[in-house]
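This is the structure I have questions about; it appears just below.
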Amino acid sequence: MIQVQNLTKKYAGRTAVDSISFEVGKGEIVGFLGPNGAGKSTTLRMLTCFLSATEGTASVAGFDIYDDSIEVRKHVGYMPENVPLYPDMRVIEYLQFRARLKGMRAREAKRAVEEAMDICSLAERKFSIIATLSKGFKQRVGLADALVNKPELLILDEPTNGLDPNQIRQSRELIKHLGERHTILISTHILSEVEMTCGRVVIIDRGKIKASDTPQNLIRRLRRPGEIILEMKNEAESVEKKLVKLDGVENVTSSQAYGGWSVFNLKTDPSIDVREDVFSLVQSSGWKIRELASRAASLEDAFVDLVSNSDEQAKSNVEKKETEEITS
């Protein structure tokens, strides 16, 4: 559905997107992740033909973004981060207006608008003035606009931006439902949502692709220490000395909890499950325990590690360049 090869966008004195390449297959739901300023929105705008690329190529549904930009737009439904709405129009008027702009005839536009409003649960608000709608309903209007021409590909830039937890949950379920009929490329900062809705993620940082894989594979590749939480009522120093001697335990830290309880945080070798040994030690020592739990790595951990490594590499390159300038 999407094929990107060495796509680049340069501004005066700055490269926003630096020769990136990736693909999105038909029927996939792909998360496009990155910190602020990483080049996410710039990439999405190039794919939707809102911005021209400086170098490289990209195609959507088999159409080139340079030579067939009109065809690309026909196959794409785009919802930008800040949805541009006409606040003085009614919901149904705005969507019918947008449908006609997208080349639909009056009768076709009417059916398409009704269907889009039904999908986005807007039927009860179709005669409401857009300015009177809540943030959540305005986002739904923007999504209905993206859906009205029944595109093969949906590109959603921060679709849950500014929504409350209930609205985010509703949006997540809606995106899953839409994924049954559309290919979806979604940019968001809410990594837990990506982990639950996306089959694959593409991580971009400083204009470059850092990873492209399923959330599960990215987490497995981390090889970061495991984490075990142990809460009990004992002398912290003596407990730490015994815990750190267990095979697979790399580090132990402790903190005080309410009521004289202590919380111990164990960093462990990710290839060794030490919970059984910890429990045996607790039993043999007669310690009073009220919690023993493990924390698995998440997509957020993978994201932070990849971006942190990028920051460290960038800092190292700057220091190396400064050293070379001084010595020369």
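Condition first: β-branched (Val, Ile, Thr) and more than 27 Å from the chain's Cα centre (by Cα). Now tell me which residues in region 65-112 satisfy that. Give the steps one after another, and end with the answer.
To start, the set of residues in region 65-112 that are β-branched (Val, Ile, Thr) comprises 65, 70, 72, 76, 83, 91-92.
Selection gives 70, 91, 92.
When you look at residue 130, is it under 19 Å from residue 82 (Cα atoms) and at pLDDT 95 or above, yes or no?
yes
Counting just the residues of region 154-184 that are assigned to a loop (DSSP other than H, G, I, E, B) and under 9 Å from residue 29 (Cα atoms), which one comes out modelled with the highest pLDDT?
So, considering only residues that are assigned to a loop (DSSP other than H, G, I, E, B) and under 9 Å from residue 29 (Cα atoms), the one modelled with the highest pLDDT is 182.
What's the number of the only condition in (1) without any contact (Cβ under 8 Å) to a residue 12 or more places away in the chain; (2) closer than 20 Å to residue 175 by Cα that residue 64 fails to meet?
(2)
For region 128-153, enumerate the residues that are of a type outside the set (S, T, N, Q), in a helix (DSSP H, G or I) and within 26 Å of residue 31 (Cβ to Cβ).
Initial filter on region 128-153 (of a type outside the set (S, T, N, Q)): 129-131, 133, 135-138, 140-148, 150-153.
So of that shortlist, the ones also in a helix (DSSP H, G or I) come out as 130-131, 135-138, 140-147.
Those that are of a type outside the set (S, T, N, Q), in a helix (DSSP H, G or I) and within 26 Å of residue 31 (Cβ to Cβ): 135, 136, 137, 138, 140, 141, 142, 143, 144, 145, 146, 147.
Name every residue in region 51-78 that is acidic (Asp, Glu) and under 19 Å from residue 20 (Cα atoms), in order of residue number.
55, 64
Does region 242-275 hold any residues that are at pLDDT below 85 and hydroxyl-bearing (Ser, Thr, Tyr), and which are they?
Those that are at pLDDT below 85 and hydroxyl-bearing (Ser, Thr, Tyr): 258, 271.
Counting only residues that are surrounded by 14 or more Cβ atoms within 10 Å (Cβ to Cβ) and touching a Lys or Arg at 6+ places or on another chain (Cβ under 7 Å), give me the helices (runs of 4 or more DSSP H) lying completely in region 185-295 with at least 1 of them.
191-197, 275-285
Taking the stated definitions as given, is residue 27 at pLDDT 90 or above, assigned by TED's automatic domain parsing to the domain that holds residue 152 and in a strand (DSSP E or B)?
It is false that residue 27 is at pLDDT 90 or above, assigned by TED's automatic domain parsing to the domain that holds residue 152 and in a strand (DSSP E or B).
Scan region 160-178 and tell me whether some residue there is closer than 27 Å to residue 75 by Cβ, basic (Lys, Arg) and either more than 17 Å from the chain's Cα centre (by Cα) or surrounded by fewer than 23 Cβ atoms within 10 Å (Cβ to Cβ) (or both).
Within region 160-178, one or more residues are closer than 27 Å to residue 75 by Cβ, basic (Lys, Arg) and either more than 17 Å from the chain's Cα centre (by Cα) or surrounded by fewer than 23 Cβ atoms within 10 Å (Cβ to Cβ) (or both).
Output the residues belonging to region 128-155 that are of a type in the set (Asp, Glu) and surrounded by fewer than 23 Cβ atoms within 10 Å (Cβ to Cβ).
152, the sole residue that qualifies.
Can you go through 278, 239 and tell me which one is at pLDDT 90 or above and of a type in the set (A, V, I, L, M)?
278
Within region 233-248, how many residues are under 17 Å from residue 270 (Cα atoms) and more than 38 Å from the chain's Cα centre (by Cα)?
1
What is the number of the single condition among (1) of a type in the set (Lys, Arg); (2) within 27 Å of residue 215 (Cα to Cα); (3) surrounded by 14 or more Cβ atoms within 10 Å (Cβ to Cβ) that residue 26 does not meet?
Going through (1) of a type in the set (Lys, Arg); (2) within 27 Å of residue 215 (Cα to Cα); (3) surrounded by 14 or more Cβ atoms within 10 Å (Cβ to Cβ) one by one, residue 26 breaks only (3).
The values are calculated or read from the model by the stated rules, or taken from the named source; none is laboratory data. The shown structure was predicted, so the numbers you read here are calculated from the model rather than taken from an experiment. Note: ideal-geometry Cβ built from the backbone for every residue, glycine included; neighbour counts use all protein chains shown.
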